[in-house]
Amino acid sequence: MNTQAVLTLSNITWLLAAMAFVIAPHAARMPLWVSAVCLGAGAARWWIARHAWRTPPWWVMALIAIGIAAGARLEYGRLLGREVGVTLLIAMLCLKVLEMRTRRDAVLAIFLGFFLAMTNFFYSQTLLMGVYMLGCVWLYVATLIGFNRIGSEPSLRERVAPAFWLLVQAIPLMLVLFFLFPRLSGPLWRMPSEDSAATGLSDEMTPGDISKLSQSEAVVFRVDFDGPVPQNEDLYWRGPVLGLHFGRSWRAAFVDPRAASANLDYQPQSPPVHYRVTLQPHNKPWLFALDMPVRAPDDAFFTPDFQMRSRTLVGSLRSYPMASHLRFKAGSVLTSAERRQNLQLAQGFNPRARRYAEQLLAEDPDPKVIIEKLMARYNREFDYTVEPPKLGVNAVDEFLFDTKKGFCEHYAGSFVFLMRAAGIPARVVTGYQGGEVNPITRQLVVRQAEAHAWAEVWLEGLGWLRADPTFAVSPLRINRGMTAALGPIGVLNTLMEADGLGVLKQIAFSWDALNNQWNQWVIGFNADRQRLAMDMFFGVKEADWRDIAKHLLLGVFLVGGTAGTLVLLRAYRRRQPPLIRSWNALCEKLAKAGLPRAPHEAPLDYLARIEAARPDLAFRLRPLVDAYVALRYAPQDQQPVDVTAFGAMVGEFRAGRAA
């Protein structure tokens, strides 16, 4: 085969476009030099195709490949792992396209592109990403069709239409494999990431960290309550507890696995609230629940400071049932080690705040009085804002006595500092507060914008008590949420608030509901849901892997057999002579009009019966029957029309039904 007939400029352009769409989501994660290599290789390949130049020799390609591998080793410190593996795959695919010389090379590059499309799900499994990757696969199939066309250049329609129908025909087998392929313990994309931190809370807090999260509308988790949703002021979703002070920042203390427990030290003072949390992957170990949980879900534990943690990183969608007591007395005994940790302050920072705490202690040593005075001062003198002034080394001093403007981390951090300086054990708790109920699904949706920090203080005889200085400054933030306290944040929220008809808000709720269904039935389709589907569709209760494998094989055989039968029937019809196909088409039209042809009936006998039953058809049908008989039995010089003209006459014929 002439290689140039396949590696045309049009085919190369389609391949480069398909590659660009698949690689685009990776661009923000790849080093800049890798993107430059991809752009350079694509431009060079296009220029070679346009001017019919020779591709670079093998030794040049080998040197470039070695250079890329060395660069990846320097960039990532390794040649194994998810990030470096995907980066090398992208770079080497671009080099393969640059050096390809035959149709086989082009087909190999296309199939590598199919594999590369799947790697995008290592980083995002959203509905939008699924639709986008489906479009990329469609583009690659259209490209493959072009490389398999010999002798002519396919048009746009001749590429995309067959590619679309090929994807449609693959849907039945795809559904069978999706529902019946045995579920593993976790999806392929639950691989550990070298840079596992995702956008969200961390185990360290510096003034300004959480206020940045307040501008993100990313969903953190969704909650289905068995009964009514609790009041907003009770929705404290506990996350990392920060007990160590390092000057400007607060950090979480080391958690000894030997101190892990399946139960919490507290006394419930209200009935439990039951709910289910569906947590988005965040590549961190902590799980979220309302204070205080009754028990930890499977493969999770509690720390002594009431954190709930997973034994593995949450690298995929996770759903777990929970029950919590919203009223409780937390903690019975504070050990000497816990007291020392919760009184620790970095030396040499915030002298004015220390003196102020000593002053409060001298005025009245009762911790309750000190707390009341601080809350009253926060309420009287401070402003709540997501854009506070920048703070220096002595951040607490500057905040308390100079700027007096801040976000929840400013208030929680300064409050805990003053408590410790006054000899009262305290710690910073981070998590989320509140949420928004989707009226379509009745789910509570908690977003990054609800990120929050509050304080806990230890009072003898009362245990650990929640103290939220943000409530003293801005009660609206706790009672009604961030938008009520500060107004809409971001362009999208501003547009939705300005929409008096609520159309944008309804669209947002509908989109969230659709995403929830995608999470539940696609991303979250685990072994439990597979057993539920087996019970729902096949009546197999408590299905094990044998039942699933049996139905999988049966489904594959049914789909494959049906597809094979349809292909054979289509091939058989195509093998019929054009004259017979046209005559059968005419008979099908007459049968739909209520005049089916008997298997033994000759054309002229069939015509005579129709003339007796439907005289109105005689003058239009007779020329067709006469033409068919002549084409079938008369010499060629006595045939009034050719086969093509007869097919056109059949196509124009309309029988209709008898009145």
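The values are calculated or read from the model by the stated rules, or taken from the named source; none is laboratory data. Here the structure is a predicted model, which is why all the values come from computation and not from measurement. Don't worry about glycine lacking a Cβ; one is built from the backbone with ideal geometry, like all the others, and counts go over all protein chains shown. Just the protein is used for accessible areas: all its heavy atoms, side chains included, with ligands, DNA and RNA removed. Shrake-Rupley method; radii C 1.70, N 1.55, O 1.52, S 1.80 Å.
Brief remarks follow.
- Helices (runs of 4 or more DSSP H) wholly inside the range 601-653 that include at least 3 residues being closer than 20 Å to PRO578 by Cα, out of contact with any Asp or Glu (no Cβ under 9 Å at 6 or more places or on another chain) and among the small types (Gly, Ala, Ser): 643-652
- The range 322-335 residues that are assigned to a loop (DSSP other than H, G, I, E, B), paired with ones that are of a type in the set (A, V, I, L, M, F, W, C) (beta carbon under 6 Å, 6 or more apart): GLY331/TRP464; LEU334/TRP458
- Here ARG82 meets each of (1) open to solvent by less than 40 Å² (accessible area, probe 1.4 Å); (2) modelled with pLDDT of 90 or more with one exception, condition (2).
- Scanning the range 462-484 for residues that are more than 19 Å from ARG238 (Cβ to Cβ) and either in contact with a Pro (Cβ under 6 Å, 6 or more places away or on another chain) or open to solvent by less than 60 Å² (accessible area, probe 1.4 Å) (or both) returns ALA472, VAL473, SER474, PRO475, ALA484.
- Filtered by the rule that a residue be among the aliphatic types (A, V, I, L, M), surrounded by fewer than 16 Cβ atoms within 10 Å (Cβ to Cβ) and in a helix (DSSP H, G or I), the range 22-40 gives ALA24, LEU32, ALA36, LEU39.
- Helices (runs of 4 or more DSSP H) wholly inside the range 429-495 that include at least 3 residues being of a type outside the set (A, V, I, L, M, F, W, C) and either modelled with pLDDT under 90 or out of contact with any Asp or Glu (no Cβ under 8 Å at 6 or more places or on another chain) (or both): 475-479
- Count of residues meeting criterion [under 17 Å from ARG251 (Cβ atoms) and part of a helix (DSSP H, G or I)] in the range 416-427: 3
- Qualifying residue in the range 263-273 (condition: of a type in the set (Asp, Glu) and open to solvent by 40 Å² or more (accessible area, probe 1.4 Å)): yes
- Only residues that are outside any loop (DSSP other than H, G, I, E, B) and within 23 Å of ALA455 (Cα to Cα) were counted in the range 215-246, giving 15.
- Pairs with Cβ under 7 Å, 6+ apart, first in the range 284-305 and more than 15 Å from VAL241 (Cα to Cα) and open to solvent by 10 Å² or more (accessible area, probe 1.4 Å), second basic (Lys, Arg) and not in a loop (DSSP other than H, G, I, E, B): ALA300/ARG309
- Within the range 41-59, the set of residues being among the aliphatic types (A, V, I, L, M) and either open to solvent by less than 40 Å² (accessible area, probe 1.4 Å) or under 26 Å from PHE114 (Cβ atoms) (or both) comprises ALA41, ALA43, ALA44, ILE48, ALA49.
- Residue in the range 378-386 that is in a strand (DSSP E or B), charged (D, E, K, R), touching a strand residue (DSSP E or B) at 6+ places or on another chain (Cβ under 9 Å) and surrounded by 14 or more Cβ atoms within 10 Å (Cβ to Cβ) present: no
- The range 427-450, residues that are among the hydrophobic types (A, V, I, L, M, F, W, C) and closer than 14 Å to ASP512 by Cα: VAL437, ILE440, LEU444, VAL445, VAL446
- The lone exception for HIS274 - which of (1) modelled with pLDDT under 95; (2) more than 18 Å from ARG427 (Cβ to Cβ) it fails: (1)
- Within the range 617-659, the set of residues being free of Cβ contacts under 8 Å to residues at least 24 places away in the same chain and among the aliphatic types (A, V, I, L, M) comprises ALA618, VAL625, ALA627, ALA630, ALA634, VAL641, ALA645, ALA648, ALA659.
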